[in-house]
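Visitor: Here it is, the structure in full.
What follows draws every value from the coordinates through simple rules; no lab data is involved. Just so it is clear, the structure is predicted and the values come from calculations on it, not from any experiment. Cβ placement follows ideal geometry from the backbone for every residue including glycine, while neighbour counts extend to all protein chains displayed.
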Amino acid sequence: MDGSLAGELDAGRLAGAVGATGLAERRIPWMSALITPELLRRLEQIQLLAARRSKSSTKGERRSRARGLSVEFADHRNYVSGDDLRYLDWNLFGRLDRLFLKLYEEERELPVRIFLDASESMNFGEPTKFKFARQIAAAVGYVALCGFDRVAVNVFPAAPARITTGAVTADRIPQAAVEGSLRSIRGKKSAMTFFQNLSSLTPGGVADFNGSLKRGALEARQAGVAIVLSDFLDPAGYEPGLASLIGRGFQVNAVQILAPEELNPTTFGDLRLVDSETGGLEEVTFGKYRLPAYQRMVASFVQRLRDYASGRGIRFFSVSSSTDLGELLLKQLRAQEVWG
Amino acid sequence: MAPVSVMNFLSPVAFWFGLALPAVVVFYLLKRKRVVRVVPSTLLWQKFLAETQASAPFQRLRHNGLLLLQLLLLLLAVLALARPYFSGMAGEAALQVVILDASASMQCVDESPNRFEKAKAGIRQLIDGLKTGQGPKNQQMLLMVAGASSEVRQSATSEKSALRRALDSARVTDSPTRLTDALRVAEERTRANTSSEVHLFSDGAIPNLDEFGSRDLKLIFHRVGQRSNNAGIVSLDVKSNPDDPSRRAIFASLANHSGALISTTMDLLFDDRLVESKPLTLDTNVTPIVFSASQPQDGVFRVRLNHADDLAADNEACVVSLLPKPVRILLVSRGNRFLEKALNAAASAVELSTAADLTGSGPAMDLTVLDDVTPSVWPAGNVLAIHVAQTNWFPGGMGRLEAPTIVDWRNTHPLLRFTTFENVQVAESFSIKTPTWGVSLVDSPQSPLIVAGEYGRQRIVWIGFETLNSTWPLRISFPIFIANAVDWLNPASARAEQFKVHAGDAFHLPILEPVTHARIRPPSGVEFTVPIDPKAREFVFGGTGKQGIYQVTLGTNGMAFAANLLDADESNTRPRDQIAFGRRGEIAASTLQRANLEYWRWFAIAGLGVMLSEWWWYHRRTA
C-alpha cells in the first residue's frame, strides 16, 4: 500500500470498503492480492469456534462463566440492598412475595493469537510460504474481528532480526511499529488496518520458533485460540513452543506450510545446499530415483508432527504454499471445526 | 567345478594392480564440484542424508554403493588378470574312481619326494574336495592301486577317513604298469553310473591300451613327473657261452632315456662277489652288453649300473643261474640219421640214447623223441613226437592228408626261431584239429602240421608228418628247429625260465610232493610262511612286488627265483602328456585341463556386469 492511499483511509471508510467489494477491488488493489473480496464475504459468515468458554475480562460476544448483562438468562439470586431494581424478577415476587434478582450471562471477547513465522525460510515457494501464511493470518484475523474477538499477531523473528538480515519494507513503514500495531486489534472496523499492516510485513532473519511461542504464551493475559503459521523447520524442534501454548491454556491450531520444492525437489545432481537461515551447508547427490525416499522422509516428518499435535489436542494442518486458499479456509478448517 | 578348493593364480604379478584400490578410495574422498543451491532449510535434507551419508570421511564411504561397485569392479579385474584356477581338477561326478599308478617308474625322484607321493598328494586333494552329505550332492570315491596287478584299496565310499587310510597304506612297487585290469574295473563301475569319472594318477609310462581304444571311458589323466633322466637295465639272461662251454655268458641290455650320452661302469657280481666291472658309454639307443664268467656252482648273477639317476629300481637286476647239465635224450626210432645228427648238435652237451621201443624201465630222461614209433609205454616226461598217432592228445580224431601244402608258420614262437618252411614239401601227414592244450606252429590249409603245448605238466612238440617223407631234413631249418625243440623241451631250461619273473608277476612252481606250507624269504630278509593246500599241485606266490632274490622252501626242496623289473616301458620315465588308447583314442594330461579350469573369464564377465550396474546406478543417482 502506498502512503497516499493509506492517508485516504479512515476508520469509517474502512468498514464501507470491506463491505463493498467492488469498491475494495477498485480502490485498494493490494487487498485482493492478500485476500479476495469474494473470500472476505464468505468469511464474514463464519465464526471461530471456541471449545472453552472465554476467560477474557473484556465484554464481547462470547459466552463466559461471568455473570453480567446480556439477553441470555443464567440464574436467580436473593436481592440484597443496593442491587439494581431493574433486574428484579417481579413475577417471582408476585408468586412468592420474596425478592429475587435475575442474573444474565456476561458475554466476553475471545482472544485470538496468531503466531506468524516470518523467517527467511518462509520466503520460498511460489507463492512464497510467507505470503500464504499471511493470507491465512488475514483470514483468521478477519473472521475473529467480525466476531468481535480480539486479535493479536505475533510475528517472529521480531523486526530487528528481520531488518538486520537485509529485509527492507517496501512502504518504508518501520516493521517494529507495524508489529506493535498488530499486537491487539479489535472490531471489524480495524480490519483494513489489520490487512494493511499484514501486507507491509516482509520475511527475513532466523526464527526462534520455540522462544517466540513461549514469549507469546507468557505475554497473553488470557488464553484463547492460538493459530501457529510456520513451516516448523526449526533445527531446535517445535515441541517446547507448542507445549508452552498448551500449558498456558490456548486452544492451538497449527498450520504447517511447505513450499512445493520442499515436497517435490526439482533440482537434481551433485548439489551443495545452503540453508537460507543458518547458512549451513549440506552436500548431496540427488536423483529422481531417490525422490520417493525423500518424499517418504518428508511424509514421516509431517506425520510425526501430526502425531504430536493430535496427542495434545492441537488441530494440525500441513499444506503446500500452492494450495488453494479457499479450499483450505472454507473446507479444511471448517471440517476440522476451527470455525463454523 | 573343482571340489577342491585351493585357488591358485597363473599370473600373481597382476595383484600389483590391486594398488589401484586405495586410489579409487582417494578419488572418492576428494571433493566433487557441486552446484550450489539455497534452500529454505537443510533440516529435511539432514534427515534425508542421515541414512545415506555420514560426516566423517571414511564413514561417508560406508554407504556409498557406487564406490563399492567400483572397488568390486577393480577387484574382479585384478583377479581376472591374475588368472585364477583351481588345482583340483575333479568334476561334479557322483562317483569318482581313482587309479593310482604304483609301478616302478613312479619311484622317480624328479618330483619331491617322488612321483608316487606327489600323486598321493593329488589324490588327497581330491578326497578333501569330496562333497559328502545326503542327497544327490553326495560324492563317492573308489580307490584302486595299479601295478603289475590291480587292487581295489577302498570300495566306493564317501567316508574321507577311510579313503585317506587306504591311500596312506598304498606302497609303490618295482613292477611294470598294467592298467588294463584297473581300467576294466573302473569301466565296470562307471558304466552303471552316468555321473562318474575315472581319475588316473600316473606318469604315463604305460604300454598302449589298445583294448580301450573304442570305448567311451570318461578318464581324467593327472600327470606326475617333470623330466626323463634315467638309464636302466631292460633285459638280462644267462646262457652257456657259445665260445667257451665251460663259462657262462650274461647278456644284458641297457636303455638310456636321459637324452644325453652317459659314461659309466657296470658291475657283474656272482653271489654278491664282484666278478667284473666294465666301463661303457650309453647313447640314446638300447645298448647290449655281454659278460663272460665262470660259474663254479649254482648261484645268482647280479648286474649293477653305477649311475645315479631318477629311478634306482632299474639300475640293478639279478638272475638265478643253475649249472648247465648235459641234456639226456632218448630217441625211439627205427633209424633216422638226420634226426640223430640234429639231436647230437642240438645242445652243447647231449647224452643221446637210442631205442627201438619204449618200455617202462630205464634211466630217467630229460626228453624223449618218438620218431614214427608208437611206444608200448608212453613217456612221462617231455616229448618230441614225430608222426605219432596218440589219440589222447587229439580228442577230435586223426585222419590222413596227402601232400599238404605249408601255407603259414608262427615264427614268433621260440620253437620256430630262425626257421623257415618256404621250401619244405611234405608227402603225407596226419590231419587233426588244433587241440586246446597247444598252438599250431606250422599250418596247411586243411590241418596243423606241427603243434606245441603243455599237456598236463608234459611239454609236447608234435610233428604230424614223417620227416623222412619230406624235404625238411635237407633244409637248414631242420637242425635249427630240433635245437630249438631240445632247448624248449629241456626241463632245465624250462626251470630256468621259471626262476625269472617280472616284479609283481606270480611265481609258479609245480609241487612234486605233498606239502602243507612254504617258507619264503623275500629280498627284505624277513622270512614268512605261506600255507598250502596239501592237494595243490602247484604253488603260486604273488607277493613279488619288490625286485630281488626270493628263497622258497617247499618241504625238503629249496630253490631261489629272481624278480626283476626289466621293462623298457618303465625305464622310459619321460612323463607323457597323453595316454594313447589304440591308434585314435588319446587322453590328454590334466595339466591341459587345468588350463581349461581357469576362471578369469567368469571374473571378467562379473566385472562387466558390475560395470553395467555401476553405469545404471550412477545415472539413476544423478538423472
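Visitor: Around residue B:342, under 14 Å between beta carbons, what's the net of Lys plus Arg minus Asp minus Glu among the other residues?
Guide: Result for the local shell: 0.
Visitor: At a threshold of 8 angstrom on Cα-Cα distance, excluding pairs fewer than six apart, so keeping six or more, what relative contact order does chain B reach in percent?
Guide: Rounded, it is 16 percent for chain B.
Visitor: Here's a follow-up. Please report B:488, A:90 as a ranked list, fewest other C-beta atoms within 10 angstrom at the top and most at the bottom. Walk me through the numbers on the way to the answer.
Guide: Working: B:488 20, A:90 11.
Ranking B:488, A:90 by Cβ neighbours within 10 Å, fewest first, gives A:90, B:488.
Visitor: Can you check what the net charge comes to around residue B:559, using other residues whose Cβ is under 11 Å from the Cβ of residue B:559 (Lys, Arg +1; Asp, Glu -1)? Write out the running numbers ahead of the final one.
Guide: Numbers: positive: B:495; negative: B:298.
Around residue B:559, the surrounding residues sum to 0.
Visitor: Report, in degrees rounded to the nearest 10, the 0 to 90 angle that the Cα long axis of helix B:65-81 makes with the longest principal axis of chain B.
Guide: It works out to around 20 degrees.
Visitor: Output the 0 to 90 degree angle, nearest 10, between the alpha-carbon long axis of helix B:20-29 and the longest principal axis computed from the alpha carbons of chain B.
Guide: With rounding to tens, the tilt is 10 degrees.
Visitor: With charges only on Cβ, +1 for K and R and -1 for D and E, what is the dipole size of region B:291-389 about its Cα centre, in debye, rounded to 20?
Guide: 380
Visitor: Relative contact order for region B:131-189: what percent, with Cα pairs under 8 Å and sequence separation of 6 or more?
Guide: 33
Visitor: So, one more: I'd like the distance separating the alpha-carbon centroids of region A:262-324 and region B:417-445, in whole Å.
Guide: Using only Cα atoms to place each centre, the spacing works out to 113 Å.
Visitor: Enter the angle in degrees (range 0 to 90, nearest 10) between the Cα long axis of helix B:600-622 and the first principal axis of the Cα atoms of chain B, meaning the one along which they spread out most.
Guide: For helix B:600-622, the angle is close to 10 degrees.
Visitor: Still on this structure, please answer the following. Given charges of +1 on the Cβ of Lys and Arg and -1 on the Cβ of Asp and Glu, with all other atoms neutral, how large is the dipole of region A:79-143 about its Cα centre, in debye to the nearest 20?
Guide: My answer is approximately 140 debye.
Visitor: Measure up B:120/B:546; B:131/B:546; A:214/A:288; B:278/B:500; B:160/B:546 against 31 Å on the Cα-Cα distance and list the ones that go over.
Guide: Over 31 Å apart, Cα to Cα: B:131/B:546; A:214/A:288.
Visitor: Calculate the spin-label point distance for residue B:237 paired with residue B:169, positioning each point 7 Å from the Cα along the beta-carbon direction, and give it in nanometres.
Guide: Calculated label separation equals 4.1 nm.
Visitor: How much length would be gained if the chain were fully extended between residue B:392 and residue B:38, taking 0.36 nm per residue of separation minus their Cα-Cα distance, in nm to one decimal?
Guide: Contour length minus Cα-Cα distance gives 115.2 nm.
Visitor: Which one of B:230, A:151, B:308 is farthest out on the positive end of the charge dipole of the protein assembly as shown, using unit charges on Cβ (Lys, Arg +1; Asp, Glu -1) and the Cα centre as origin?
Guide: A:151
Visitor: Cα centroids of region B:377-394 and region B:202-278: how far apart, whole angstrom?
Guide: 40
Visitor: Using the per-residue mean of other Cβ atoms lying within 10 Å as a proxy for protection, in what order, highest first, do the peptides B:95-104, B:247-256, A:203-212 fall?
Guide: Put in order of decreasing packing, that is B:95-104, A:203-212, B:247-256.
Visitor: Which FRET efficiency, nearest 0.05, do residue B:66 and residue A:307 yield, Cβ-Cβ r, R0 41 Å?
Guide: Calculated value: 0.70.
Visitor: Still on this structure: Looking at the protein assembly as shown, what % of its DSSP beta bridges pair antiparallel, to the nearest 5?
Guide: The answer is about 60 percent antiparallel.
Visitor: Right, another one. Would you kindly calculate the translational diffusion coefficient of region B:246-354, applying Stokes-Einstein with the Kirkwood radius from alpha carbon pairs, for 25 °C and a viscosity of 0.890 mPa s, and quote it in µm² s⁻¹ without decimals?
Guide: 147
Visitor: With +1 on the Cβ of every Lys and Arg and -1 on the Cβ of every Asp and Glu, and nothing else charged, how large is the dipole of the protein assembly as shown about its Cα centre, in debye rounded to the nearest 20?
Guide: Here the size comes out at about 5840 debye.
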